[in-house]
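Beneath this line is the structure, given in structure tokens, with notes to follow.
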Amino acid sequence: MTRMSKRLAEVARKVGVSEATVSRVLNDKPGVSDATRQAVLTALDVLGYERPTKLRGERARLVGLVLPELTNPIFPALAEIVGGGLTQNGYTPLLCTQNAGGITESDYVDLLLQQQVSGVIFLGGNYSQRGAAHEHYERLRRVKLPTVFVNARIDELPFATVSTDDSAAAEQAVIHLHQLGHRRIGLLLGPADHVPSQRKLAAARRVLHRLGAPLTDELLVRGLYSLESGQAGATRLMAAGATAIVCASDLLALGAVRAARRSGRSVPGDLSVVGFDDSALMSCTEPPLTTVRQPIESMGRTVIELLLAQIQGGAEAGDELLFEPELVLRASTAPLSV
């Protein structure tokens, strides 16, 4: 079976029509109802096949804005910045939020292709995990839909990407705690196949080795990006003798603070905690959280610029752009008490 025959058969099965009907649509021949014609074109998009040039038409001024969740405050903050930038440039954002057991990223890609959106922005997702499903990104690539990722991606996905420099973030946090006298510094990170966590881990190992306080296995805990996971992970790290913890998100850090209190310890008297993101209200927690700030304003502006450049045909999907984080010192870290 030739590549064209395979495509005809696959689209025909998807729509429930004959291959001859699909062929008539692809060759822009008469004798096909408008509803069937649109169903065939939509099936092409959903299956990741590029439309014939004369059938592409004008895309809607809609942009899919895909979020992995809303419970982590960094994602709504990013969505507000990016969504506002899209609106200012005449595009309407379509908010697509994933829920456990609900609509998947792949489902959203299908829906967005059906809507003939002008582009898609992912504020987090499967592209950051090596073991996750990635087939739906190939559909976007094949139809050449302008796409931008926020947060580090696996190398095999050649999409424009905007990220905070995770290595620099880990270095800043570890050096800060070491300067305060801490030598048993624990790491509370995301899953093992999560690229940002891999980068943080590699940088922390390198710095701690250089400082003469190598990271041991018991001082590394992985988990989900949630308050509960932070509490459970910090409990394990404190049992291993950690006097300070570097966390991969502010939610994990707040969970670590709660774990310390429930074990009768104080923060920062008995345990120093560093978060990551500097999401909303971290200056209002008790104690106010020392964290590594992501520059989401400048990142959001760059995301819009990259997407518009692709939509206007002036740029191809490019390399990953890294933004420098900033360590924000507050009251959750202090010198090691002896």
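The values are calculated or read from the model by the stated rules, or taken from the named source; none is laboratory data. Keep in mind that what you see is a predicted model, and the values were worked out from it rather than measured. As a convention, Cβ positions derive from the backbone with ideal geometry for all residues, glycine included, and neighbour counts pool all protein chains shown.
What's the total number of residues in segment 199-214 that are surrounded by 19 or more Cβ atoms within 10 Å (Cβ to Cβ) and free of Cβ contacts under 8 Å to residues at least 40 places away in the same chain?
Here the count works out to 4.
List the number of the failed condition for V143; all other conditions in (1) surrounded by fewer than 19 Cβ atoms within 10 Å (Cβ to Cβ); (2) of a type in the set (A, V, I, L, M, F, W, C); (3) not assigned by TED's automatic domain parsing to the domain that holds G131 hold.
(3)
I'm checking my understanding of the structure. Among residues of segment 289-304 that are crowded, with 17+ Cβ neighbours inside 10 Å and not hydrophobic (A, V, I, L, M, F, W, C), which one is farthest from C247 (Cα to Cα)?
Filtering segment 289-304 for residues that are crowded, with 17+ Cβ neighbours inside 10 Å and not hydrophobic (A, V, I, L, M, F, W, C), the one farthest from C247 (Cα to Cα) comes out as T302.
Give me the pairs, please: first residue somewhere in segment 73-89 and outside the structural domain of G124 (by TED's automatic domain parsing), second residue anywhere and outside any helix (DSSP H, G or I) and at pLDDT 95 or above, beta-carbon distance under 9 Å, and either six or more positions apart or on two chains.
Between residues of segment 73-89 that are outside the structural domain of G124 (by TED's automatic domain parsing) and residues that are outside any helix (DSSP H, G or I) and at pLDDT 95 or above, there is no close pair.
Can you name every residue in segment 71-95 that is under 19 Å from V109 (Cα atoms) and surrounded by fewer than 16 Cβ atoms within 10 Å (Cβ to Cβ)?
T92, L95
For residues in segment 295-314 being in contact with a strand residue (DSSP E or B) (Cβ under 9 Å, 6 or more places away or on another chain) and free of Cβ contacts under 8 Å to residues at least 40 places away in the same chain, which is farthest from K200 (Cα to Cα)?
Filtering segment 295-314 for residues that are in contact with a strand residue (DSSP E or B) (Cβ under 9 Å, 6 or more places away or on another chain) and free of Cβ contacts under 8 Å to residues at least 40 places away in the same chain, the one farthest from K200 (Cα to Cα) comes out as A309.
Scan segment 258-284 residue by residue and report those that are within 19 Å of L187 (Cβ to Cβ) and out of contact with any helix residue (DSSP H, G or I) (no Cβ under 8 Å at 6 or more places or on another chain).
P268
Take the residues of segment 1-29 that are modelled with pLDDT of 80 or more and either aromatic (F, W, Y) or in a loop (DSSP other than H, G, I, E, B) (or both): which is nearest to the chain's Cα centre (by Cα)?
G16
Exactly one of these conditions fails for G255: (1) buried (at least 24 other Cβ atoms within 10 Å of the Cβ); (2) among the small types (G, A, S); (3) under 17 Å from A334 (Cα atoms). Give me its number.
G255 satisfies every listed condition except (3).
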